[in-house]
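To start, the structure itself, in structure tokens.
The values are calculated or read from the model by the stated rules, or taken from the named source; none is laboratory data. Since the structure is predicted, the reported quantities are computational estimates derived from the model, not experimental observations. FYI the Cβ positions are ideal-geometry reconstructions off the backbone, even for glycines, and counts take in every protein chain you see. Accessible surface areas use protein heavy atoms only, side chains included; no ligands, DNA or RNA. Shrake-Rupley method; radii C 1.70, N 1.55, O 1.52, S 1.80 Å.
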Amino acid sequence: MKGIVVTGSYHWGFSIRIPKTSAGGASYPVPPISTLLGALSRGYCDHAVSSKRSCTEEFINNVARKDLFWITLGLDEPLLMPYSDMMRESRIPYKQSKYKKLNEIGQWFGVSSFGKVYGPCSRFEIFLVVKDNAELWTKLAWQIPSMGSKESIVSVYSVIVDDLKEVNEDKFETNAYFPSKCLTSRLEGLEELSMPVENNYELSSKSVEAKRFIHALVPRNLGYGGYVKINKNNINQECVIYKIKDYYIIMDRDGIWSSKLS
């Protein structure tokens, strides 16, 4: 297996809607695995939907499940701060016919609170552990235009492939989130979040529901991000610590497709 470190920065921040929320709704405070996979799929997909099937779903089934063993994200500094913006939104598709007439224009719009996370120029690292095709994953990483909504623009300026090294140090620091089950005891500077690994992409009138989740510990100080100190003795046997370049990641020995994550 090979390790890949993708370094980039957000332009202003991001918005990642939490499944099953209303017209408004909060944003995930850090990009979950499902969002990272969606961002990587942009370089693979030449269409959004074909034969009622999402291209992101094709990417996950045809590429990610075969080659990707683990993926996570780290934030260099604790700069990300969740917020909600009040925005004027068109409500015409949801209105009764009698309210769609021109003389009812006052009924066309509504105000909703949209969750966003602000961190202008905040730097991130995406960490990938791949079984094969490191060259393909490198190309996909360079083609990431955004992470989250299409307005959540990012710039990628470094993609490095390196060997994986299992850690033997007693203490180390990590800025990447990892499964909460990996710690034998809770440490300060970490917050547990439930985040989707993949989504249900079936096209129907129902809301999109995430079908697999990871309970992850996310480094948090003043804001989300930054580094946290970990003692190797706090890591249980279900997980392994790897070093990629100068970064440390903690991951499930069975990989991200393990049913144990949910």
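Scanning region 222-262 for residues that are of a type outside the set (Ser, Thr, Tyr), surrounded by fewer than 16 Cβ atoms within 10 Å (Cβ to Cβ) and within 20 Å of Tyr28 (Cβ to Cβ) yields one hit, Leu222.
Quick grid of which residues meet (1) open to solvent by 10 Å² or more (accessible area, probe 1.4 Å); (2) hydroxyl-bearing (Ser, Thr, Tyr):
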{"position": "Val117", "(1), (2)": "no, no"}
{"position": "Ser122", "(1), (2)": "no, yes"}
{"position": "Val130", "(1), (2)": "no, no"}
{"position": "Trp142", "(1), (2)": "yes, no"}
{"position": "Lys150", "(1), (2)": "yes, no"}
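A Cβ distance below 8 Å, combined with a sequence gap of six or more or placement on separate chains, defines the contacts here; from region 236-254, residues that are part of a strand (DSSP E or B) reach residues that are of a type in the set (Asp, Glu) and open to solvent by 10 Å² or more (accessible area, probe 1.4 Å) in the pairs Val240/Glu166; Ile241/Glu166; Tyr242/Glu166; Lys243/Glu166; Ile244/Asp162; Tyr248/Glu173; Asp252/Glu238. Filtered by the rule that a residue be touching a helix residue (DSSP H, G or I) at 6+ places or on another chain (Cβ under 6 Å) and among the hydrophobic types (A, V, I, L, M, F, W, C), region 157-185 gives Val159, Val161, Leu183. Pairs are defined by a Cβ separation below 6 Å, a sequence spacing of at least 6 or placement on different chains, a first member in region 172-192 that is over 18 Å from Gln237 (Cβ atoms), and a second member that is outside any strand (DSSP E or B) and among the aromatic types (Phe, Trp, Tyr); the pairs so defined are Glu173/Tyr227; Asn175/Tyr227.
Total residues in region 100-117 satisfying the condition of being of a type in the set (Lys, Arg) and modelled with pLDDT of 70 or more: the figure is 2. The set of residues from region 17-42 being at pLDDT 90 or above and either assigned to a helix (DSSP H, G or I) or open to solvent by 10 Å² or more (accessible area, probe 1.4 Å) (or both) comprises Tyr28, Pro29, Ile33, Ser34, Thr35, Leu36, Leu37, Gly38, Ala39, Leu40, Ser41, Arg42.
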